[in-house]
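Here's the structure we're looking at; comments come further down.
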Amino acid sequence: EFRDQVVLVTGAHGALGEIVTGNFIDGGAHVVGVDLDWSGRHTETSLLTAIEFDLRDPAQCRSAVAVTMEQHGRIDV
């Protein structure tokens, strides 16, 4: 049960990431999914915010956290 928790998932558009993201959403979490590219398979839901960042770049890692904090005010997982 992750109802109303804020979850930041990296690699969220990959094969494993989509499963992890889906499970958190099914549990009621608000997911911020980070990946290099969200084109293609992405499914819209009010519980998912999909953002594109290259997490090999430390500045973009900080940006992903900043976006999550701006939108949700916290990160629980």
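Data overview
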{"quantity": "Accessible surface of the chain, 1.4 Å probe, proportion on carbon and sulfur as whole %", "calculated": "53 percent"}
{"quantity": "Nearest-0.05 FRET efficiency for Ala59 and Leu16, computed from C-beta distance (R0 22 Å)", "calculated": "0.30"}
{"quantity": "Simple Cβ-charge dipole of the chain, Lys/Arg +1 and Asp/Glu -1, about Cα centre, in debye nearest 20", "calculated": "120 debye"}
{"quantity": "Summed side-chain charge close to Leu8 - residues other than Leu8 whose Cβ falls under 11 Å, Lys, Arg +1, Asp, Glu -1", "calculated": "0"}
{"quantity": "Average Cα contact separation per residue, the stretch 7-77, under 8 Å, 6 or more apart, as relative contact order %", "calculated": "29 percent"}
{"quantity": "For the stretch 57-67, Karplus couplings with θ = phi - 60° (6.51, -1.76, 1.60), whole Hz, Gly/Pro x", "calculated": "9, x, 5, 6, 4, 4, 5, 4, 5, 4, 4"}
{"quantity": "Probe 1.4 Å, accessible area per residue of the stretch 1-70, Å²", "calculated": "57 Å²"}
{"quantity": "Positive minus negative residues near Val20 (Lys, Arg vs Asp, Glu; Cβ under 13 Å)", "calculated": "-3"}
{"quantity": "Estimated translational D of the chain in µm²/s (Stokes, Kirkwood radius over Cα pairs; 10 °C; 1.306 mPa s)", "calculated": "129 µm²/s"}
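The values are calculated or read from the model by the stated rules, or taken from the named source; none is laboratory data. Note that the structure is predicted; figures quoted are calculated from it, not measured. Every residue, glycine as well, gets a Cβ built from its backbone with ideal geometry; the counts of neighbours run over all protein chains shown. Ligands, DNA and RNA are stripped out before the accessible areas are found, and what is left, the full protein with its side chains, is counted by its heavy atoms. Shrake-Rupley method; radii C 1.70, N 1.55, O 1.52, S 1.80 Å.
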